[in-house]
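Chemist: Attaching a single structure in structure tokens format; questions to follow.
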Amino acid sequence: MVNRLISQLGHVEVISPKPEESLLFYRDVLGLEVSGRANQSVYLRGWGEFFHHSLQLTEGPQPAVAHAGWRTEGPQELEETVARLERSGAGIGWRDSEVGHGPAFRYRTPGGHVQEVFWEVERYRPPAELAPLYPNRPQRYVPRGAAVRRIDHVTFNTDDPLRDAHWYRDVLGYRHTETIRFDHVPVVLGAFVSTTPMSHDLGLIRDALDRTGRLSGVPGRSNHIAFWLDQREDVLRACEVYRENGIEVEFGPGRHGVGENFFIYCREPGGMRVELFSNGYMQFAPDVYPFEWQVSKGALNFWSPSQMAPEPFLFEAFPPVPGERGSPPVTHAAAAAH
Ligand SMILES: [Fe+2]
Ligand SMILES: [Fe+2]
């Protein structure tokens, strides 16, 4: 058992080849607030989020998650986290303060996903017209579009979800909460880890290209980002908001067995898969995990387990950004062997 190191998912950086259309989606259809602009990026946050941004939307050639940023539990925990990352061989290095947060240490996970940890963060300060009535809210509720409250999680594709889940557990102190196994072959479809009492704030899904389970061989691919709504009725209303704005629901509405969460997925105009998410358990006992699923039990699609999930959801993923942001230099040996 380790002390808690990470307090929460802070933000994700999403690349869009259609930045103006994506911005309209995130601002007007999801209902995020714009909190800054710099270089090729627009920074956004949900009405319920206390920090400068949870989404960095950056112009680029193809949809991708460029990085995910995690806030530590405190400054000492940041030092401890960095030491653990260095020992594990995952460290990339420090970056100076950026828009919305202080110095961040970047690392690359065994699955090839570039992420960072930081402690110092810029708190959101609302303009007078958005001053909150609730003292426990960062701003007034603004019911624009789906009006998502906050970012919830990010889900990555990986050649080995279980290896990665163990790595997050052993190196960074995440709880490994749930595992999904295929029924008839000894292959793990997905694994989930969490820094909170919720079932996951990071999902790991097998990076298969098709129903044979053949791996892509490209490390660092991503599957989706997810935002939270307080009520499942908000998710159903979002289906209407989507259709009125020309957005099609790709998967759902439905209920994941994992996490017991109510969901819909769509693709924003730049191509990234976006999930809306509500309900689900909170589990406070650290020693009851991990829960084990078989696909046939409805891990992904509890109400229609035989359908599991649409093929695009399972097999269409987003390669990492090449170059300085950190696409890995080599392909997985394990992928080549499959
Ligand atoms: Fe960042
Ligand atoms: Fe998800």
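Chemist: When the range 55-93 is examined, which residues are found to be under 26 Å from residue 42 (Cα atoms), away from ligand 1 (no atom under 15 Å from the Cβ) and of a type in the set (S, T, N, Q)?
Modeler: Of everything in the range 55-93, just one residue is under 26 Å from residue 42 (Cα atoms), away from ligand 1 (no atom under 15 Å from the Cβ) and of a type in the set (S, T, N, Q), namely 62.
Chemist: Scan the range 212-230 and tell me whether some residue there is crowded, with 20+ Cβ neighbours inside 10 Å and either acidic (Asp, Glu) or in a helix (DSSP H, G or I) (or both).
Modeler: No, because not a single residue in the range 212-230 is crowded, with 20+ Cβ neighbours inside 10 Å and either acidic (Asp, Glu) or in a helix (DSSP H, G or I) (or both).
Chemist: If residue 96 passes every condition in (1) within 14 Å of ligand 1 (Cβ to nearest atom); (2) more than 23 Å from residue 148 (Cβ to Cβ); (3) in contact (Cβ under 8 Å) with a residue 24 or more places away in the chain but one, which one does it miss?
Modeler: Every condition holds for residue 96 apart from (3).
Let's see how each residue does on (1) more than 14 Å from ligand 2 (Cβ to nearest atom); (2) at pLDDT below 95; (3) surrounded by 21 or more Cβ atoms within 10 Å (Cβ to Cβ); (4) more than 30 Å from residue 20 (Cβ to Cβ):
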{"site": "272", "(1), (2), (3), (4)": "no, no, yes, no"}
{"site": "280", "(1), (2), (3), (4)": "no, no, no, yes"}
{"site": "283", "(1), (2), (3), (4)": "yes, no, no, yes"}
{"site": "289", "(1), (2), (3), (4)": "yes, no, no, yes"}
{"site": "302", "(1), (2), (3), (4)": "no, no, no, yes"}
{"site": "306", "(1), (2), (3), (4)": "yes, yes, no, yes"}
{"site": "325", "(1), (2), (3), (4)": "yes, yes, no, no"}
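Chemist: Run down 122, 116, 73, 98 and say which single residue is of a type outside the set (A, V, I, L, M), modelled with pLDDT under 95 and surrounded by 15 or more Cβ atoms within 10 Å (Cβ to Cβ).
Modeler: 98
Chemist: Looking at the structure I just gave you, is residue 108 within 20 Å of residue 76 (Cα to Cα), within 16 Å of ligand 1 (Cβ to nearest atom), among the basic types (Lys, Arg) and at pLDDT 95 or above?
Modeler: Details: within 20 Å of residue 76 (Cα to Cα): no; within 16 Å of ligand 1 (Cβ to nearest atom): yes; among the basic types (Lys, Arg): yes; at pLDDT 95 or above: yes.
Here the answer is no, as residue 108 does not meet what is asked.
Chemist: Could you say which residue among 252, 257, 246 is crowded, with 19+ Cβ neighbours inside 10 Å, free of Cβ contacts under 8 Å to residues at least 40 places away in the same chain, farther than 17 Å from residue 151 by Cβ and away from ligand 1 (no atom under 16 Å from the Cβ)?
Modeler: Just a single option satisfies the conditions, and that option is 252.
Chemist: Specify the residue that is nearest to ligand 1 (Cβ to nearest atom); the eligible residues are those in the range 197-211 that are among the hydrophobic types (A, V, I, L, M, F, W, C) and either surrounded by fewer than 23 Cβ atoms within 10 Å (Cβ to Cβ) or over 16 Å from residue 313 (Cβ atoms) (or both). Working first, answer last.
Modeler: Restricting attention to the range 197-211, the residues satisfying the condition of being among the hydrophobic types (A, V, I, L, M, F, W, C) are 198, 202, 204-205, 208-209.
Of the ones still in play, those that are also either surrounded by fewer than 23 Cβ atoms within 10 Å (Cβ to Cβ) or over 16 Å from residue 313 (Cβ atoms) (or both) are 198, 202, 208-209.
Values: 198: 22, 202: 15, 208: 29, 209: 30 Å.
Top of the filtered list is 202.
Chemist: Next up: In the range 291-300, which residues are of a type outside the set (Ser, Thr, Tyr) and either surrounded by fewer than 17 Cβ atoms within 10 Å (Cβ to Cβ) or more than 14 Å from residue 205 (Cα to Cα) (or both)?
Modeler: Taking the range 291-300 and keeping what is of a type outside the set (Ser, Thr, Tyr), we get 291-295, 297-300.
Selection gives 291, 292, 294, 297, 298.
Chemist: Would you mention how many residues in the range 165-188 are over 16 Å from residue 4 (Cβ atoms), hydrophobic (A, V, I, L, M, F, W, C) and surrounded by fewer than 23 Cβ atoms within 10 Å (Cβ to Cβ)? Outline the logic, then answer.
Modeler: So in the range 165-188, the residues over 16 Å from residue 4 (Cβ atoms) come out as 165-167, 178-188.
Pick out the ones that are also hydrophobic (A, V, I, L, M, F, W, C) and you get 165, 167, 180, 182, 185, 187-188.
Cutting the leftovers down to surrounded by fewer than 23 Cβ atoms within 10 Å (Cβ to Cβ) gives us 167, 182, 185, 187-188.
Residues that pass the stated criteria total 5.
Chemist: Let me ask something additional. Return the only residue of 21, 33, 59 being over 21 Å from residue 166 (Cα atoms), surrounded by fewer than 23 Cβ atoms within 10 Å (Cβ to Cβ) and touching a helix residue (DSSP H, G or I) at 6+ places or on another chain (Cβ under 6 Å). Break it down stepwise before answering.
Modeler: On the way: 21 fails: touching a helix residue (DSSP H, G or I) at 6+ places or on another chain (Cβ under 6 Å); 33 fails: touching a helix residue (DSSP H, G or I) at 6+ places or on another chain (Cβ under 6 Å).
Sole residue among the options that is over 21 Å from residue 166 (Cα atoms), surrounded by fewer than 23 Cβ atoms within 10 Å (Cβ to Cβ) and touching a helix residue (DSSP H, G or I) at 6+ places or on another chain (Cβ under 6 Å): 59.
The values are calculated or read from the model by the stated rules, or taken from the named source; none is laboratory data. On a predicted model such as this, the values are computed, not experimentally measured, just so you know. Neighbour counts are summed over all protein chains in view; Cβ atoms, including those assigned to glycine, are modelled from backbone coordinates with ideal geometry.
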